[in-house]
Amino acid sequence: MSTTVGRVDPCRLIDLPDHSDDRGGLTVVEGGRDVPFEIRRVYYIHGVPDGAARGAHGHRRLRQLIVALHGAFDVVVDDGHASARFRLDSPGRGLYVGPMIWRDMVDFTPDAVGLWLVSELYDPADYYRDYAEFRRDARAL
Ligand code: TYD
């Protein structure tokens, strides 16, 4: 499996600063410090039915960190040349996904809650929804 997916800025797992103590867990993400972008939007995905898949899109500019706050799911990333599959199953570690990456989220456990920290406000024009179009542009980079 390739671990260097992403020709603009490679995808990678990031261990997040942990301040857990005997009162419980506390994990921090600071924009521009723990992730290589300023955080402009946050959303979360939960209650994903068994067998459902999410994602199936790419972004032109957007960067993001994906964290499984609870439960687990897989993120498959694809830069038009190579792909890799990451299992996210810890609130202490996130997957950084840079621009020009196609992603699919699959194999959600029933209790999964995923957090997305992203660099841009929602903009449909930033999306690739067609894989062939994405792949053509990604391979032209
Ligand atoms: P979608 O892109 O299908 O989610 P996924 O990350 O699983 O691919 O988004 C589902 C719907 O939610 C779609 O109609 C767009 C809308 N949406 C917003 O309005 N704002 C957002 O920030 C996001 C992520 C989605």
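Convex hull over the Cα atoms of segment 39-118, averaged projected area in nm²? Write down the numbers at each step before the final one.
Numbers: hull surface 19.2 nm².
Reported value for the Cα convex hull: 4.8 nm².
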With the convex hull built on the alpha-carbon atoms of segment 91-141, volume per residue in Å³ sits at 129 Å³
For the residue pair Asp22 and Arg54, what label-to-label distance in nm results when each label sits 7 Å from Cα along the Cα-to-beta-carbon direction?
-> 3.7 nm
With springs only between Cα atoms under 10 Å apart, run a GNM on the chain and tell me which of Arg87, Arg60, Arg23 wobbles the most.
-> Arg23
When the chain is treated as a GNM, springs tying every alpha-carbon pair under 10 Å, which of His81, His59, His46 comes out with the largest mean-square fluctuation?
-> His81
Sorted from fewest to most neighbouring beta carbons within 10 Å, what does the list Val28, Val113 look like?
-> Val28, Val113
As a Kirkwood estimate from alpha-carbon pairs, the chain has a hydrodynamic radius in angstrom of 15.4 Å
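Bear in mind these aren't lab numbers, they're just calculated from the coordinates by the rules spelled out. Everything numeric in this text was worked out from a predicted model, so none of it was measured. Counting neighbours? That spans all protein chains shown, and the Cβs are built from the backbone with ideal geometry, glycine included.
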